[in-house]
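All remarks here apply to the structure that follows.
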Amino acid sequence: MHVTISPSSVRGAVRAPPSKSYTHRAILASGYAPGATVHDPLWSADTRATARAVDLFGGDVSRIDDRLEIDGFDGRPSVPVDVIDCANSGTTMRLVTATAALADGTTVLTGDDSLRSRPQGPLLEAIADLGGRARSTRGNGQAPLVVTGPIEGGTVSIPGDVSSQYVTALLMAGAVTEEGLEIALETALKSAPYVDITLEVLAAFGVEARRTESGFAVAGGQRYDPVGGEYRVPGDFSSISYLAAMGAVAATDGEAVRIEGAYPSAQGDSAILEVLERMGADVEWDREAGVVSVSRSDLEGIEVSVEDTPDLLPTIAVLGAVADGETRITNAEHVRYKETDRVRAMAEELGTLGVETTEERDSLTVHGGESTLSGATVDGRGDHRIVMSLAVAGLVADGETTIRGADHVDVSFPDFFDVLEGVGGSLERHD
């Protein structure tokens with residue numbers, strides 16, 4: 001699907017979609033448990049991949065209205081009867097690769113072209129260090145992967161600057177090993193708030209994990225058991241970033257975009273609200289009510305690190321294209337290893353829209369003061385976050401903006417374009 005967006009003013013109330021990060025972890029944690037009910041999950045392409053993996057490990061995930069009823073495998077995953085296809089979900093692949101290391105036998109995991117290009121080597125090495133066998137079929141640290149267990153726990157060291165998901169995967173699996181797990185970080189941890197999310201979800205499921213001087217640790221022999229057998233997923237600040245950006249650049253004069261379901265949590269991407277405020281946006285956040293309101297404002301370029309918030313780079317880049325002056329996004333090298341190289345993708349697609357940028361290995365500078373957004377045909381790069389950020393740009397570009405491959409929003413925000421139309425965005429869908 002392609003979508004053409006015309007310049008539009010937006011206003012009104014929207015509800016934040018549920019958090020993808022929390023949903024992934026809640027589905028897998030429910031699999032590790034005897035069972036649980038997950039309320040308000042995000043049901044998207046990515047989270048369905050995690051649900052399929054839980055099914056293949058011997059659990060059962062059923063969607064009923066706005067909840068998931070999950071029968072778990074109670075810490076003892078079976079050897080899957082089929083290959084686990086993680087589709088485009090890097091989170092799924094990394095989290096369930098560690099689950100596969102608990103099974104008494106061999107598991108094969110794969111994904112689409114994009115996922116088969118993403119690094120998994122450090123996690124494979126960690127599993128091998130713990131007594132399992134784990135290899136890439138192509139010998140390049142990328143999927144397809146073959147994992148043989150079971151591991152019983154122990155001590156392992158991994159780099160912290162490639163993906164925090166390695167830590168999450170090992171902590172979740174380590175809790176049900178016999179010995180538990182200690183993780184030493186070889187380098188500073190990037191995307192650290194995502195591990196905070198993991199610790200928060202583990203605690204909600206009755207599992208204790210902790211930080212140590214060198215990394216993290218989780219005791220073995222624990223049982224996943226959420227209070228009352230239930231867990232509720234909070235709103236997603238990664239998705240909220242696009243809604244808030246819409247308000248900041250395209251809200252009707254005197255009006256605002258009001259985002260409901262924005263409750264405080266461990267999500268690092270809530271930093272988008274601080275970024276907007278630093279750029280001069282009119283932002284109000286009622287934390288108790290879980291409501292964010294953003295009005296259109298004149299924005300100024302800033303310097304901002306995405307070391308802990310890699311998913312915000314596309315949104316910030318678009319804000320920088322609208323702002324006066326330069327917006328410099330730093331500590332961004334790890335953002336190149338997502339569904340696509342998001343640093344290069346945003347530099348090239350914004351360039352197509354007439355925006356001057358300077359791309360370096362670890363940064364992206366957007367020269368908003370030297371640029372005029374002009375409508376053009378751009379490529380979503382098979383990446384939901386590229387698509388949604390370019391849609392925000394389309395609201396304020398001069399002329400129509402057509403985004404190819406817009407259907408990839410299904411990964412994290414399936415009704416994104418319905419929401420955009422609902423607040424006044426003018427768009428046309430076409431094949």
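Taking Ile403 as the residue in question, decide whether it is in a helix (DSSP H, G or I), crowded, with 23+ Cβ neighbours inside 10 Å and in contact with a Gly (Cβ under 9 Å, 6 or more places away or on another chain). Considered against the rule, which asks whether it is in a helix (DSSP H, G or I), crowded, with 23+ Cβ neighbours inside 10 Å and in contact with a Gly (Cβ under 9 Å, 6 or more places away or on another chain), Ile403 comes out as no. In segment 257-275, of all residues being more than 15 Å from Met246 (Cβ to Cβ) and out of contact with any helix residue (DSSP H, G or I) (no Cβ under 9 Å at 6 or more places or on another chain), the one that is surrounded by the most Cβ atoms within 10 Å (Cβ to Cβ) corresponds to Tyr263. A residue that is buried (at least 17 other Cβ atoms within 10 Å of the Cβ), free of Cβ contacts under 8 Å to residues at least 40 places away in the same chain, of a type in the set (A, V, I, L, M) and more than 30 Å from Thr212 (Cβ to Cβ) can be found somewhere in segment 81-104. In segment 276-301, the residues that are exposed (fewer than 15 other Cβ atoms within 10 Å of the Cβ) reach residues that are part of a strand (DSSP E or B) with C-beta atoms within less than 6 angstrom, at least six apart or across chains, in these pairs: Glu284/Ser293.
Filtering segment 1-35 to residues that are farther than 24 Å from Gly380 by Cβ and of a type in the set (S, T, N, Q) leaves only Ser30. Which of the residues spanning segment 369-386 are touching a strand residue (DSSP E or B) at 6+ places or on another chain (Cβ under 6 Å) and either at pLDDT 95 or above or assigned to a helix (DSSP H, G or I) (or both)? Once the filter is applied, which keeps residues that are touching a strand residue (DSSP E or B) at 6+ places or on another chain (Cβ under 6 Å) and either at pLDDT 95 or above or assigned to a helix (DSSP H, G or I) (or both), segment 369-386 yields Gly369, Glu370, Ser374, Gly375, Thr377, Val378, Asp379, Gly380.
Yes/no per residue for (1) under 16 Å from the mean Cα position of the chain (by Cα); (2) in a strand (DSSP E or B):
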| residue | (1), (2) |
| --- | --- |
| Val3 | no, yes |
| Ala13 | no, yes |
| Tyr22 | yes, no |
| Ala36 | no, yes |
| Trp43 | yes, no |
| Arg76 | no, no |
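Helices (runs of 4 or more DSSP H) fully within segment 212-324 that include at least 3 residues being β-branched (Val, Ile, Thr) and modelled with pLDDT of 95 or more: 313-322. Of the residues making up segment 348-368, those that are assigned to a loop (DSSP other than H, G, I, E, B) and touching a strand residue (DSSP E or B) at 6+ places or on another chain (Cβ under 9 Å) number 4. For segment 170-192, the set of residues classified as more than 17 Å from Ile27 (Cα to Cα), outside any helix (DSSP H, G or I) and hydrophobic (A, V, I, L, M, F, W, C) consists of Leu181, Ile183, Ala184, Leu185, Ala188, Leu189, listed by residue number.
Taking segment 125-139 as the range and being surrounded by 23 or more Cβ atoms within 10 Å (Cβ to Cβ) and either among the hydroxyl-bearing types (Ser, Thr, Tyr) or not in a strand (DSSP E or B) (or both) as the test, the residues that pass are Ala126, Ile127, Leu130.
Note on segment 57-73: residues that are more than 23 Å from the chain's Cα centre (by Cα), under 21 Å from Thr107 (Cβ atoms) and without any contact (Cβ under 8 Å) to a residue 60 or more places away in the chain total 6. Scanning segment 45-56 for residues being over 20 Å from the mean Cα position of the chain (by Cα) and touching a residue at least 24 places away in the same chain (Cβ under 8 Å) gives a total of 1.
The residues in segment 391-426 that are in contact with a helix residue (DSSP H, G or I) (Cβ under 6 Å, 6 or more places away or on another chain) and either outside the structural domain of Ile240 (by TED's automatic domain parsing) or hydrophobic (A, V, I, L, M, F, W, C) (or both) can be counted, and the count is 10. Taking the criterion of being touching a strand residue (DSSP E or B) at 6+ places or on another chain (Cβ under 6 Å), part of a loop (DSSP other than H, G, I, E, B) and not polar (S, T, N, Q), the residues of segment 140-169 that qualify are Ala143, Pro144, Gly153, Gly160.
The residue that is farthest from Gln142 (Cα to Cα), among those in segment 333-350 that are of a type in the set (A, V, I, L, M) and buried (at least 24 other Cβ atoms within 10 Å of the Cβ), is Leu350.
The single condition among (1) of a type outside the set (Phe, Trp, Tyr); (2) under 23 Å from Glu307 (Cβ atoms); (3) out of contact with any helix residue (DSSP H, G or I) (no Cβ under 9 Å at 6 or more places or on another chain) that Arg211 does not satisfy is (3). Do any residues in segment 403-431 that are within 19 Å of Asp311 (Cα to Cα) and of a type in the set (S, T, N, Q) have Cβ atoms under 6 Å from those of residues that are buried (at least 18 other Cβ atoms within 10 Å of the Cβ) and modelled with pLDDT of 95 or more, where the two are at least six apart or on different chains, and which pairs are they? Qualifying pairs under 6 Å: Ser412/His384.
The values are calculated or read from the model by the stated rules, or taken from the named source; none is laboratory data. None of these values were measured; they are calculated from a predicted model. Here Cβ is always computed from backbone atoms with ideal geometry, including for glycine, and neighbour counts include all displayed protein chains.
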